[in-house]
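Notes to accompany the following structure.
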Amino acid sequence: MSKDIRIKKGLDIKLQGEAEKITTDAVASNVYTIKPENFHGIIPKLIAKQGTKVTAGEPLFYNKSVAEMMFVSPVSGEVIDVVRAEKRKIVAIKIQADKEQSFHDYGKIDVSSTSAESIKAHLLSTGCWSFIKQRPYDVVANPEKSPKAIFISGYASAPLSADYDYVLQGKQAELQAAVSALGKLTEGVVHVSVGVNSDSPLSSLKGVTLHSISGPHPSGNVGTQIAKIDPVNKGETVWSVTPQDLVIIGELLLTGKFNAERIVAVGGSVVKKPRYYKTKIGAEVSTMIYDAGVEGDNNRIITGNVLTGNSVNPDEFLGYYDNTLTLIPEGDDYEFFGWNKPIFNKLSTSRALTFSWLTPKKKYDLNTNTNGEHRAFVLTGKYEEVFPLDIYPMQLLKACMYEDLDEMEALGMYEVAPEDFALTEFVCVSKQPHQGIIRKGLDLMLKEIG
Amino acid sequence: MALKDKLHDLKVKYTGTKMSPVFNAFHTFLYAPNETTHSGSHIRGADDLKRTMNTVIMALVPCLIFGMFNAGYQHHVATGEITTFTEGFLRPEFWNWDNLVVGLWKVLPLVIVSYAVGLAVEMFFAAKNGHEVEEGYLVTGMLVPLIVPIDIPLWMLSVAVIFGVVLGKEVFGGTGMNILNPALLIRAFLFFAYPTWMSGDKVWVHGAVERTNEIAAGSTADVISGETILGSLAQNSTAMMDSSSDVWNAFYGFIPGSVGETSTLLIILGALFLIFSKIGSWRIMLSAALGALVMGFIFNLITDAGFIAQSSKFYTLMSLEFWQHLLIGGFAFGAIYMATDPVTASQTNKGKWIYGFLIGFISILIRVFNPAYPEGVMLAILLMNVMAPTIDHYVVQGNVKKRLKRLKAKTA
């Protein structure tokens with residue numbers, strides 16, 4: 001069964017430095033790092049103390065509130081450091097990788113003959129549960145709640161993000177195993193979406209409802225698709241998994257190995273040879289960016305895409321969920337009369353002496369300058385142009401700011417994740433931190449309502 | 001780039017002091033700041049609030065320039081120095097140096113005082129409360145001189161600006177938090193505090209007040225009458241609006257009125273620019289025009305049906321061709337530049353339709369039934385400013401109800 005979803009509101013941000021479809025094996029990283037903060041809201045309890053030898057797939061820590069939920073090592077090696085902050089909060093766990101990688105064997109699972117309960121237990125103990133995220137709250141899924149549906153977006157519409165059609169090639173079997181397993185965990189449907197003209201291996205999956213997506217970003221955001229297909233109501237839960245994480249889940253089910261390998265798009269206007277690299281979760285980003293080549297030395301390295309990713313140093317690490325590395329120039333310079341002169345080289349949704357409307361196909365070299373200072377909310381109607389959800393974005397943001405839980409709930413807080421507000425943040429004339437406001441609001445709700 | 005570096009050093013020096021917001025206000029005027037993104041999206045759109053406000057000011061500049069010429073033109077017509085009248089927009093007796101000199105002499109001080117006083121108040125509050133100087137006053141400061149009578153004493157303007165900015169904006173928390181449009185609040189303050197300077201037939205033309213005083217003191221010079229079309233209609237006289245050239249004059253703006261609100265033609269051009277640049281809300285502009293037309297049309301129907309006697313004091317305004325309401329009394333200026341203030345207007349797109357429509361509707365209603373105060377537009381916008389949050393509330397409740405319904409359908 002296939003359904004078409006067309007998104008009209010949104011904005012495609014076209015940037016220079018799209019990754020060429022060539023995959024190179026990245027230099028093996030010496031050290032791999034897992035940061036518990038990647039798993040938002042989870043309080044880690046350490047298992048592998050400093051000096052412990054682990055194989056790939058062996059647990060590093062577990063979730064304090066759900067003790068069965070393991071978080072595992074992406075490689076085999078030795079835990080060389082557990083970085084802690086105030087109150088002994090674990091910031092990062094660093095593993096020095098062995099030259100020869102060895103995998104912990106979790107055993108093959110035949111999905112069709114295994115019960116939902118055992119699949120759930122298996123995913124929890126093997127670390128694969130960490131890939132399942134839930135809404136409301138945009139956190140790692142709570143295994144006690146059964147989802148009404150599971151969503152997988154195989155269409156990446158964010159700027160310079162890895163093309164799923166390309167990176168999933170040849171992963172048919174793994175994907176099928178993973179969606180079959182996930183399908184057992186829900187009473188409802190597994191919704192899989194692909195781009196309109198895609199030849200993604202996802203489109204031939206069985207036991208799922210396939211949707212074809214078209215329209216500007218955020219059409220590829222799973223939040224947009226949930227809103228169009230089956231929005232989250234109060235008390236309901238939906239899960240989402242990214243396709244590359246499905247591959248890891250699938251491989252675990254088929255072979256018993258937790259193989260943290262993924263293909264990462266390295267792109268951005270300052271990258272000399274933007275391309276794809278095969279690497280592993282937690283790898284040092286310098287293993288890829290020096291090979292790809294970088295122009296200039298005042299750049300920002302982003303693990304993830306430019307809208308939702310995190311800024312890292314070259315000696316830091318690929319985020320747990322990320323399959324994109326983006327490098328753009330920093331914008332920490334003044335611009336003479338920058339507020340009133342005509343602008344041709346930056347993207348804008350207005351036409352206030354900004355001329356990007358003349359060149360809709362142009363690819364831009366945008367930097368990290370905010371192009372203005374933080375202000376109170378003034379303009380209205382601007383967010384709605386790029387926000388396809390049936391929600392009043394500014395009203396919801398304001399409700400989060402004054403922490404009115406009832407209003408947040410009424411206005412649709414259960415349906416959103418910070419990434420849904422990335423574009424409104426981009427176009428915001430008042431330069432308000434939308435994603436931060438939504439994250440704080442979600443955390444407050446999670447704490448107060450749960 | 002020595003200047004850039006010097007300013008940067010100064011900025012660092014002032015950081016954390018009370019002077020910081022004031023310095024930054026000037027600094028960011030020269031240079032867009034070097035601020036980079038720290039959380040969320042790493043790239044941001046090209047527009048900021050300064051650019052937005054600047055766009056509105058650009059849309060106002062033609063009105064300002066026209067206002068200067070018109071100040072001199074009205075003065076010279078009233079004093080009898082202009083006796084030949086031609087047709088069309090580019091008439092030579094209007095666009096000449098003599099008129100402009102009077103305009104520069106009378107209008108520029110209004111602009112300077114408005115900005116100086118208003119920005120001083122803003123900067124004081126910014127320094128006091130330790131926040132940046134926000135750009136709201138950039139537009140207000142330009143609007144204010146355009147909506148006051150030409151001869152308004154500068155001290156009155158100063159008092160009104162202080163009142164408007166402090167009580168209209170700062171007490172609510174500054175730009176973005178106010179309920180009433182500050183520029184209109186300033187005008188309303190003047191209107192009710194100094195009515196003799198703000199209404200009647202003696203204030204709209206430069207020199208009229210002075211001449212009246214001279215006559216009172218025994219001079220034998222002729223009275224300068226500077227009645228506005230609306231004022232004259234409210235007196236049940238159609239003398240100023242009875243030929244097609246009168247209507248054209250009203251459209252072009254060669255009529256007495258507040259400084260910059262008379263030229264409907266230039267206001268429409270400004271509106272097109274605001275709509276094209278996506279800064280002004282076309283929903284509000286269009287619906288306000290619709291609202292005014294509907295109300296005007298209803299009045300026309302009433303008079304056509306003979307429900308109102310010709311002797312009624314409302315008759316002339318009620319029977320005015322419904323579309324002519326758009327040309328007079330500053331309606332276009334209010335609907336395009338003041339009703340669309342995003343902070344005080346409705347904030348939802350649906351709400352904007354209702355808000356704009358009611359502004360147009362109520363403007364004409366007040367104008368017709370309150371001939372003593374034919375300031376329908378000002379009062380209607382202020383009234384709808386107050387109602388806007390309520391309109392938004394019901395629009396947003398619609399969305400909330402939809403969500404609840406969806407939930408009910410699920411559980412049922």
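Annotations
- The residue list B:GLY329, B:GLY376, B:GLY360, B:GLY356 contains one member that is buried (at least 22 other Cβ atoms within 10 Å of the Cβ), small (Gly, Ala, Ser) and at positive phi, which is B:GLY329.
- Test for B:THR175: is it assigned to a loop (DSSP other than H, G, I, E, B) and touching an Asp or Glu at 6+ places or on another chain (Cβ under 8 Å): yes
- If the condition is being closer than 22 Å to B:ARG44 by Cβ, of a type outside the set (A, V, I, L, M) and in contact with a helix residue (DSSP H, G or I) (Cβ under 8 Å, 6 or more places away or on another chain), then segment A:280-319 contributes A:THR308, A:GLY319.
- With respect to being closer than 27 Å to B:ASN24 by Cβ, touching a Lys or Arg at 6+ places or on another chain (Cβ under 8 Å), assigned to a helix (DSSP H, G or I) and away from every other protein chain (no Cβ under 14 Å), B:ALA160 falls outside the description.
- Consider segment A:365-385 and keep the residues that are more than 7 Å from every other protein chain (Cβ to nearest Cβ) and assigned to a loop (DSSP other than H, G, I, E, B). The one that is nearest to B:ASN24 (Cα to Cα) is A:HIS374.
- Given (1) of a type outside the set (A, V, I, L, M, F, W, C); (2) assigned to a loop (DSSP other than H, G, I, E, B); (3) on the phi < 0 side of the Ramachandran plot; (4) surrounded by 16 or more Cβ atoms within 10 Å (Cβ to Cβ), number of the condition B:ARG51 does not satisfy: (2)
- Scanning segment A:233-277 for residues that are more than 30 Å from A:PHE103 (Cα to Cα), in contact (Cβ under 8 Å) with a residue 24 or more places away in the chain and surrounded by fewer than 24 Cβ atoms within 10 Å (Cβ to Cβ) returns A:ASN233, A:LYS234, A:GLU236, A:THR237, A:SER269, A:LYS273, A:PRO274.
- Residue list for segment A:337-364, restricted to those being under 16 Å from A:LYS14 (Cα atoms), charged (D, E, K, R) and at the interface with chain B (Cβ under 7 Å from one of its Cβ atoms): A:LYS346
- Residue count for segment B:1-14, restricted to those that are of a type in the set (Val, Ile, Thr) and within 11 Å of another protein chain (Cβ to nearest Cβ): 0.
For (1) assigned to a helix (DSSP H, G or I); (2) buried (at least 21 other Cβ atoms within 10 Å of the Cβ), each residue gets a yes or a no:
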site: A:ALA410; (1), (2): yes, no
site: A:GLU419; (1), (2): yes, yes
site: A:LEU444; (1), (2): yes, no
site: A:LYS447; (1), (2): yes, no
site: A:GLY450; (1), (2): no, no
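- Within segment B:15-53, considering residues that are more than 7 Å from every other protein chain (Cβ to nearest Cβ) and among the aromatic types (Phe, Trp, Tyr), the one farthest from A:PHE344 (Cα to Cα): B:PHE23
- Extreme residue, farthest from the other protein chains (Cβ to nearest Cβ), among residues of segment B:276-291 that are within 14 Å of A:THR380 (Cα to Cα) and free of Cβ contacts under 8 Å to residues at least 40 places away in the same chain: B:TRP282
- Some residue of segment B:62-71 being over 23 Å from A:ARG351 (Cα atoms) and in a loop (DSSP other than H, G, I, E, B): no
- Residues of segment A:287-336 satisfying the condition of being in a strand (DSSP E or B), at the interface with chain B (Cβ under 10 Å from one of its Cβ atoms) and among the hydroxyl-bearing types (Ser, Thr, Tyr): A:SER311, A:THR326
- Cβ-Cβ under 8 Å pairs, at least 6 apart or on other chains, segment B:332-348 side within 11 Å of chain A (Cβ to nearest Cβ) and surrounded by 24 or more Cβ atoms within 10 Å (Cβ to Cβ), far side in a loop (DSSP other than H, G, I, E, B) and among the small types (Gly, Ala, Ser): B:THR340/B:GLY280; B:THR340/B:SER281; B:ALA345/B:SER281; B:ALA345/B:ALA339; B:GLN347/A:GLY381
- Selection of strands (runs of 3 or more DSSP E) fully inside segment A:1-108 by the criterion of at least 3 residues being assigned by TED's automatic domain parsing to the domain that holds A:ILE213, charged (D, E, K, R) and touching a residue at least 12 places away in the same chain (Cβ under 8 Å) returns A:2-6, A:20-25.
- The single condition among (1) within 14 Å of another protein chain (Cβ to nearest Cβ); (2) in contact with a Pro (Cβ under 9 Å, 6 or more places away or on another chain); (3) touching a residue at least 12 places away in the same chain (Cβ under 8 Å) that A:LYS280 does not meet is (1).
- Among the residues of segment B:381-412, those identified as out of contact with any Leu (no Cβ under 9 Å at 6 or more places or on another chain) and of a type in the set (A, V, I, L, M, F, W, C) are B:ALA388, B:VAL395, B:LEU404, B:LEU407, B:ALA409, B:ALA412.
- Counted residues, segment A:204-219 - those being farther than 16 Å from A:GLY250 by Cβ and either out of contact with any His (no Cβ under 9 Å at 6 or more places or on another chain) or not in a strand (DSSP E or B) (or both): 8
The values are calculated or read from the model by the stated rules, or taken from the named source; none is laboratory data. Since we're looking at a predicted model, the values are computed, not measured. Cβ atoms come from the backbone with ideal geometry, glycine included; neighbour counts cover every protein chain shown.
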